[in-house]
């Protein structure tokens with residue numbers, strides 16, 4: 001394990017998943033680069049650029065287990081070249097007749113960018129799977145709590161009644177849009193890179209475009225049609241989407257964190273007897289997962305910003321922004337993976353206290369009644385006169401001081417006691433319930449018609 005806390009033996013589980021670490025692990029990366037070199041040789045053999053025997057040998061011997069990685073590392077440092085150490089390491093294990101055909105006519109970026117796309121194909125598969133799991137849990141919550149009335153809050157203050165199902169449906173609907181973006185972006189992102197020195201495949205002349213097409217086909221990637229050496233919008237778009245995904249998860253986490261406060265007590269993370277909230281305050285039950293979702297989202301946004309900066313490049317190759325991606329992009333992916341797993345764990349065990357939600361609505365008649373009273377008075381007085389009358393009746397600085405809404409409107413003669421009681425007979429959440437039904441129906445239909453895999 002390394003000096004970075006994200007690689008710590010103690011804390012690595014907070015910043016990534018083993019599944020995604022396996023994608024970006026150094027040996028996996030080197031093997032990915034070797035696979036790209038082998039695919040290139042096979043594509044070149046199909047066009048008669050290199051002998052078929054050479055391509056077969058490069059494919060057979062191009063495994064990281066055959067290489068002397070100490071030699072590869074030493075050559076990388078000695079030559080100060082990103083991939084020359086790997087190339088020479090591969091050449092050492094190849095028959096002499098094949099060694100000269102390794103890495104013919106291409107550049108570092110052809111290898112590393114294409115591997116990056118292959119890695120992102122795996123990342124997209126994981127994100128799609130886990131984001132669908134989050135959506136499923138949220139749809140279940142929305143459906144289960146379709147009619148669970150609670151206080152709706154604006155600016156952190158009690159507003160008017162909603163249902164918890166409405167809140168969960170809002171989260172689920174946002175997640176569905178991210179899934180739509182993942183599906184729509186796949187064709188843009190999963191393209192190979194083969195450009196040569198300045199992007200025009202000049203080494204191969206008229207064979208260049210055909211070689212690129214064959215190369216991409218070998219790897220199961222689409223042909224971009226034009227080199228993208230300094231056109232980095234694809235990576236910036238994907239990173240921005242992952243920042244949005246973690247932003248949604250942080251919104252959910254912050255809501256749980258806020259509503260778990262003991263003075264509210266409407267939601268709670270699950271816990272076990274082994275979990276210690278505080279060494280010095282044994283009574284504490286901290287919303288650790290909810291809080292961590294916000295932490296992870298902040299880090300993803302920061303690293304996604306590096307990838308957005310990477311869109312500003314110079315001429316036909318620019319190592320500054322391009323190599324910054326080598327650090328930022330894996331971080332974005334690992335942190336997003338951790339956020340998704342954390343969110344799944346949080347939602348699977350989320351405790352909803354419907355009684356506390358109902359008691360809070362019942363305990364404040366203003367919450368239950370102010371919007372409905374305004375609607376009733378609007379029908380009599382008009383929108384603006386009704387609002388002014390209520391404002392005067394409820395103004396905290398008035399002669400009578402701040403009063404509950406029903407007491408104020410009855411006391412000021414705006415409504416009779418019977419009319420006020422009728423308005424409070426139900427919480428008036430019909431719109432919330434209808435929206436829950438719409439989101440759940442739409443989400444279930446989308447899930448039933450799409451592949452569980454990112455395809």
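A few comments on the model shown:
- Residues in region 219-236 that are more than 13 Å from residue 300 (Cα to Cα), within 25 Å of the chain's Cα centre (by Cα) and assigned to a helix (DSSP H, G or I): 233, 234, 235.
- Qualifying residue in region 274-289 (condition: over 30 Å from residue 47 (Cα atoms), at pLDDT 95 or above and in the same structural domain as residue 128 (by TED's automatic domain parsing)): no
Conditions tested, residue by residue: (1) in contact with a strand residue (DSSP E or B) (Cβ under 8 Å, 6 or more places away or on another chain); (2) in a loop (DSSP other than H, G, I, E, B); (3) free of Cβ contacts under 8 Å to residues at least 40 places away in the same chain; (4) within 17 Å of residue 112 (Cα to Cα).
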| position | (1), (2), (3), (4) |
| --- | --- |
| 21 | no, no, no, no |
| 30 | no, no, no, yes |
| 33 | no, no, no, yes |
| 48 | no, yes, yes, no |
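- Where residue 131 falls short, out of the listed (1) at pLDDT 95 or above; (2) more than 31 Å from the chain's Cα centre (by Cα); (3) surrounded by 15 or more Cβ atoms within 10 Å (Cβ to Cβ): (2)
- The condition (being over 29 Å from residue 331 (Cβ atoms) and surrounded by 17 or more Cβ atoms within 10 Å (Cβ to Cβ)) is satisfied by just one residue among 163, 154: 163.
- Restricting region 89-100 to residues that are in contact (Cβ under 8 Å) with a residue 12 or more places away in the chain and part of a helix (DSSP H, G or I), the residue that is surrounded by the most Cβ atoms within 10 Å (Cβ to Cβ): 90
- Entry remark, region 101-152: residues being closer than 21 Å to residue 220 by Cα and in a helix (DSSP H, G or I) number 22 in total.
- From 331, 316, 388, residue being within 36 Å of the chain's Cα centre (by Cα) and either outside the structural domain of residue 266 (by TED's automatic domain parsing) or not in a helix (DSSP H, G or I) (or both): 316
- Within region 57-88, the set of residues being without any contact (Cβ under 8 Å) to a residue 12 or more places away in the chain and under 18 Å from residue 41 (Cα atoms) comprises 60, 84.
- Any hit, region 167-187, residues being under 22 Å from residue 369 (Cα atoms) and in the same structural domain as residue 232 (by TED's automatic domain parsing): yes
- Scanning region 65-88 for residues that are over 20 Å from residue 115 (Cα atoms) and in a helix (DSSP H, G or I) returns 70, 71, 74, 75, 77, 78, 79.
The values are calculated or read from the model by the stated rules, or taken from the named source; none is laboratory data. Everything numeric in this text was worked out from a predicted model, so none of it was measured. No Cβ is skipped: glycine too gets one built from the backbone with ideal geometry, and neighbour counts run over all protein chains shown.
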